[in-house]
1. Label points 7 Å out from Cα along the Cβ direction at Leu9 and Ile271: separation in nm?
2. Express in Å², to the nearest 10, the accessible area of Leu95 obtained by rolling a 1.4 Å probe over the protein heavy atoms while all chains stay in place.
3. On full extension of the chain, what length is gained from Gln123 through Leu251, given 0.36 nm per residue of separation minus the C-alpha to C-alpha distance?
4. Would you calculate, for the chain, the mean residue ellipticity at 222 nm contributed by helices, counting each DSSP H stretch of 4 or more residues as -39,500 (n - 2.57) and dividing by all residues, to the nearest 500?
5. Which order do Ser57, Ser130 take by accessible area at a 1.4 Å probe, largest first?
6. Within 10 Å, count the other beta carbons around each residue, average over each peptide in 48-55, 167-174, 66-73, and list them highest first.
7. So for the chain, taking the charge dipole from beta-carbon charges (+1 Lys/Arg, -1 Asp/Glu), which of Met187, Pro157, Ser274 sits furthest toward the positive end?
8. Using Cα atoms only, what is the angle between the long axis of helix 155-172 and the major principal axis of the chain, expressed in degrees (0 to 90) to the nearest 10?
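The values are calculated or read from the model by the stated rules, or taken from the named source; none is laboratory data. Just so it is clear, the model here is predicted, and its values are computed rather than measured. Quick reminder, even Gly has a Cβ in these numbers, built from the backbone with ideal geometry, and neighbours come from all protein chains shown. We work out accessible area using only protein heavy atoms, side chains counted, and drop any ligands, DNA or RNA first. Shrake-Rupley method; radii C 1.70, N 1.55, O 1.52, S 1.80 Å.
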Amino acid sequence: MSEIIILFLGAISAGLLGSLTGLGGGVIIIPLLTLGFGVPMHYAIGASLISVIGTSSGAAVAFVKEGFTNMRIGMFLEIATTAGAIVGALVSGMLNPNTIGIIFASILLLTVILNLKGKPDHQEPVIKGSLEEKLKLYGTFPDKGILKSYSARNTVPGFFMMMFAGAMSGLLGIGSGALKVLAMDNMMKLPFKVSTTTSNFMIGVTAVASALIYFQRGEIVPVIVAPVLIGVVVGSFIGSKTLMVSKTKKLKVFFAIVITILSVYMMYNGINKSFR
């Protein structure tokens, strides 16, 4: 019983950290379960995916109501992320837990770098006769009371980047939000608010696709999943309220240091074959 309470409190911290940094709770949950509680890697990934579904669903509803999320772009790119997630989940079943630990640490470091980089804000016009116009990958979003219009660019490279983000989500049990934002923000030139909110909307659907495969393999265990899911949802709710009054730049630097230490420790354990 005491272990479940400690796990619940750890999951609240993971949800809080994940929501304040925008990285999602999975980046903390997996090191917490594998290194802190000795949970086998694949069981930790299964629990993390369920928590990703919970946190994404809650935030996604609010962003859709506010008019930031582009449902059409999200649904189109979900074809790529879902296909990638299924492949990632199937590959995960074939890989050694220590190999997954090393890949996890590498993606975590990449995520930290991407998260600390300055975010350019794009607002591209619709090009007549372009692929984006044919697929209707454009829209409007509210900004200080004004509706601003935008259109996607470079749809094909963005689609393949999304497939990679989905594969990493299915393989590692994380939302891969930073990789999705990289595809939509840097490649497809979408406004930053649109790319982050649309990414959040997609993360849950991507996680469901891979979670079904982990469930079918018996790697989603209720006694681990229940405290993790509730804790992460509570933590992310507290984080979303705290974010309104906190200095985000200092927070991002602090958490980047914490996550870098975690990823180095994960890498060390993976190389030393400490995961099971």
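1. 3.3 nm
2. 50 Å²
3. In short, 43.3 nm is gained.
4. -23500 deg cm²/dmol
5. Ser57, Ser130
6. In decreasing order of mean packing, 48-55, 167-174, 66-73 become 167-174, 48-55, 66-73.
7. Met187
8. 10 degrees
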